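Computed from the coordinates by the stated procedures, all read-outs in this text should not be read as laboratory data. These numbers come from a predicted model, not from an experiment. All Cβ positions, glycine included, derive from the backbone under ideal geometry; neighbour counts span all protein chains shown.
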Amino acid sequence: MKKFIVFLLLQISVLPTMATGQSGDVIYLDGESWNLLWEPINSDPTVYARLKAFLPERRDWSTANGDGYTAFWEIKNGYLCLKQIEILDSIQTYDTETLKKPFAPYYKKKGIRASWFSGEVRAGCGKHIRYVHDGFDRNFETEQVLTIQNGKVIKAVTYHNYRVPGLKINEASKIISRRFPWWKFPEYRGKNIVCIICDTEMSKDGHFLDCYISKMYLLYSHKQIEEDVSLIRAIKETLRSIYPWETIVANGKSQMIEYPIIAIGLEEETN
């Protein structure tokens, strides 16, 4: 029997080889410390450059924190405000009074408002329910999504994230290929099909609903399969026939896979 290949993580073959998880900043919400999964200072090149010029040139750094410092934030009078900055692996701490100079345009008596920043940020606490070793691609048990406009928090939504037990995609090799209707596709019998999927949509109880199949090819020849609507439909119907899948429910969305992109293969079993 040919070697059976069904599960390939694209962190090996597609995702950047130098990707690494980032530590992020810290934010205080209602007096509690949360992980801020973003770095608002870095969003503005001028603010970022002024701070880097102000901080000591020689400071420790790591692959998770290339800037060598952590910013601490709080929500004050409805605004995202910088509380302090700590140098990595050092006792050096800069409070708002000390940071007057690099943040002069944003310094007020009530603190440093991040009015240079607009966007959506996530804050998390508790255990990880999902972790990808790339940037801030992770989810915590509890997350708060903050929508910020010129430093002002205009919306805050709290989510309680969780996993639904079920079949893991990397343990489903035989069942996927056994259920696939090979008789409909004689041209692919005896061959190994690899399809690249992303944007999975799941029900909250573990039913597969849909996904985007961005590419299909034959594994050993690397010959790309041109868009085949019938083949795509059959793959999706096969995935829908399996239940329950392990499902990650995070921030109001449900997904099947740990990674944003994944490769799955199909090969007909022979006796």
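Per residue of the chain, the DSSP helices (runs of n ≥ 4 H) give a summed -39500 (n - 2.57) that works out to -3500 deg cm²/dmol at 222 nm. Each part reduced to its alpha carbon centroid, the stretch 226-261 and the stretch 142-214 end up 4 Å apart.
Between Phe140, Phe185, Phe103, the residue with the greatest mean-square fluctuation in the GNM of the chain (Cα pairs under 10 Å linked by springs) is Phe185.
Leaving out same-chain residues fewer than 8 places away, which aspartates and glutamates sit with a Cα under 19 Å from that of Lys109? List returned: Glu74, Asp95, Glu97.
Angle of helix 45-54 to the longest C-alpha principal axis of the chain, folded into 0 to 90 degrees and rounded to 10: 50°.
Tell me whether the stretch 119-243 comes out rounded, prolate or oblate; compute the Cα gyration tensor, take square roots of the eigenvalues as a ≥ b ≥ c, and use a/c under 1.5 as the rounded threshold. Prolate, because a/c is 1.5 or more and a/b exceeds b/c. In this structure, the pairs whose alpha-carbon distance is over 31 Å, taken from Lys127/Lys168; Lys110/Lys155; Lys184/Lys253; Lys152/Lys253, are Lys184/Lys253.
Between Arg59 and Lys100, the FRET efficiency estimated from the beta carbon spacing at R0 = 25 angstrom works out to 0.80.
Shown for Arg178, Arg59: other C-beta atoms within 10 Å of each C-beta, ranked fewest to most, produce the order Arg178, Arg59.
Applying the Karplus relation 6.51 cos²θ - 1.76 cosθ + 1.60 with θ = phi - 60° to the stretch 128-144 yields 3J(HN,Hα) values of 6, 9, 7, 9, 10, 7, 7, x, 10, 7, 7, 9, 9, 4, 10, 9, 10 Hz, where x marks Gly and Pro.
For the chain, a simple Cβ point-charge model (Lys and Arg +1, Asp and Glu -1, everything else neutral) yields a dipole of about 260 debye relative to the Cα centre. Within the straight-line cut-off of under 16 Å between alpha carbons, the aspartates and glutamates reachable from Lys204 are Glu141, Glu246, Glu258, sequence neighbours fewer than 8 places apart in one chain being disregarded. With both labels modelled 7 Å from their Cα along Cα-to-Cβ, the Ser230 to Val153 distance reads 5.6 nm.
The modelled label-to-label distance between Lys127 and Leu167, using points 7 Å beyond Cα along the C-beta direction, is 2.5 nm.
If I build a Gaussian network model for the chain, linking alpha-carbon pairs within less than 10 angstrom, which residue out of Glu187, Glu120, Glu227 has the largest mean-square fluctuation? Greatest mean-square fluctuation among the candidates belongs to Glu187.
Charged neighbours of Gly119, selected by a Cβ distance under 13 Å, balance to 0 (K, R count +1; D, E count -1).
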